[in-house]
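The values are calculated or read from the model by the stated rules, or taken from the named source; none is laboratory data. Worth saying up front: this structure is predicted, and the values here are computed from it rather than measured. Cβ sites come from the backbone with ideal geometry, for glycine too, and all protein chains shown count toward neighbours.
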Amino acid sequence: MNDTSQDSQTEHVECPPTREPAVRAFIFAALLMGMGAWCLTDLRKPPEAWDFKHINEVASYLLNNWGPVVFFPAGLLVAALAVRFLRRKLLADAEGIGYAGADKVAWDQVHELDASKLKDKQILLLRYGQGRKLTLDAWKLQNFRELVAFVEAHVPEGVKMTK
């Protein structure tokens, strides 16, 4: 490759989300909504008494009559969070790093780069500001190797490195 293509590649790195965490969330959302639907198929009458002697009747009544009220909204919430996860994109350029639509962390704000979990778990932590951190995880981000190389190239010289 020529020098111009390498320069254009290193100007910024875009990391779209991986699919696996979202797929797991969608499966969990489907299970929650399926449980809510299953509870609707067997609605029960209130128990004779609300004491320990009738605990099975009370539990059955509560699960089948109140389960849909809990499980459906929880399933919708988990599905919405999965969709939100799929729409997030991490951007790193000469100015800083951050998710699209959110505030960027400027490179000069980074005071520690924690790479202690980089080899084993593919996790890199950027600590900045007053106790804040940005977690970069290969399980959640595509183009992770390019991102790590870009971060290492743009973090200032005096930054503490933990390995």
*Can you find a residue in segment 20-30 that is modelled with pLDDT of 90 or more, surrounded by 13 or more Cβ atoms within 10 Å (Cβ to Cβ) and within 30 Å of residue 160 (Cβ to Cβ)?*
yes
_If residue 63 satisfies all but one of (1) surrounded by 17 or more Cβ atoms within 10 Å (Cβ to Cβ); (2) over 23 Å from residue 30 (Cα atoms); (3) not acidic (Asp, Glu), what's the number of the condition it fails?_
(2)
*Could you look through segment 134-163, keep only residues that are among the basic types (Lys, Arg) and more than 24 Å from residue 25 (Cα to Cα), and pick out the one that is surrounded by the fewest Cβ atoms within 10 Å (Cβ to Cβ)?*
163
*strands (runs of 3 or more DSSP E) contained in segment 96-159 and holding at least 2 residues under 16 Å from the mean Cα position of the chain (by Cα) and not assigned by TED's automatic domain parsing to the domain that holds residue 21*: 96-99, 123-128, 132-137
